[in-house]
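J.: Quick one: the structure is below, and I'll ask about it shortly.
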Amino acid sequence: MAFQLPELPFAKGSLAPHMSAETLEFHHGKHHATYVKKTNEMIEGKGWESKFLFGGAMRQAGVLAAAALYALDNLVDRLAEDHERARRIDSDAETNFVAFEDAPGLQERLRQRGMLVGNLRPGWLRAVTYNGITDDDADAAAAILEAERVAA
């Protein structure tokens, strides 16, 4: 499905004297039309990839919503525990995320020692405390990071 330039809901001359019909025709009929044309050219034949650009990959939204509803109904009261466990790993943690700089091979070394971490953004990893993480787990994570000389 290609994008289409919508018709203006008013006459092009109706903005005079602030904008002439000729100026509006240039901006709408040429300038904006080129944006629509170039967008269509960019996504032509790329339906699968393009759906992600426009939020069309939400088939799994129900699964995510179910988990969110469960968390809101059952886990909100214990969020403070997750935050405290994160502070056991990094005293500066403000939420249940602990961010630290990545290094070559670090994620694999941590995995081999039993600490699973995820990518936060390029050059940074994150550890997350949640309902399944105990105080002992948080202390072990802090010790592993200290052994790897990673400043969280």
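Just so it is clear, none of the values below were taken in a lab; they were calculated from the coordinates. These numbers come from a predicted model, not from an experiment. Heads up, the Cβs are rebuilt from the backbone with ideal geometry, glycines too, and the neighbour counts pull from every protein chain shown.
J.: Using per-residue counts of other Cβ atoms within 10 Å, averaged over each peptide, order 7-13, 78-84 from highest down.
T.: Averaged packing, sorted descending, gives the order 78-84, 7-13.
J.: Another question, if that's okay. Just the Cα atoms of the chain: what Rg and Dmax do they give in Å?
T.: 25.9, 73
J.: Moving to a separate point now. For Leu120, enumerate residues with amide H under 5 Å from its amide H, sequence gap 5+ or separate chain, H modeled in the peptide plane.
T.: Sorted by chain and number, the residues that satisfy this are Leu125, Arg126.
J.: While we're looking at this one, here's another question. I need the phi-derived Karplus couplings for the range 84-95: 6.51 cos²θ - 1.76 cosθ + 1.60, θ = phi - 60°, integer Hz, Gly and Pro marked x.
T.: So the J values, rounded to whole Hz, are 5, 5, 5, 5, 5, 7, 9, 4, 8, 4, 9, 10.
J.: Next up: Pairing the Cα long axis of helix 61-74 with the longest principal axis of the chain, what angle in degrees results, from 0 to 90 and rounded to the nearest 10?
T.: 50 degrees
J.: A further question follows. Could you tell me the ratio Rg/Rh of the range 77-147? Both radii from Cα atoms, Rh via Kirkwood. Intermediate values should be presented prior to the final figure.
T.: Numbers: Rg = 11.5 Å, Rh = 12.1 Å.
For the range 77-147, the value is 0.95.
J.: Quick one: which residues, 5 or more positions from Ser20 or on another chain, have an amide H under 5 Å from its amide H? H modelled 1.01 Å from N in the peptide plane, none for Pro or chain starts.
T.: Those qualifying (amide H under 5 Å, at least 5 residues apart or on another chain) number zero.
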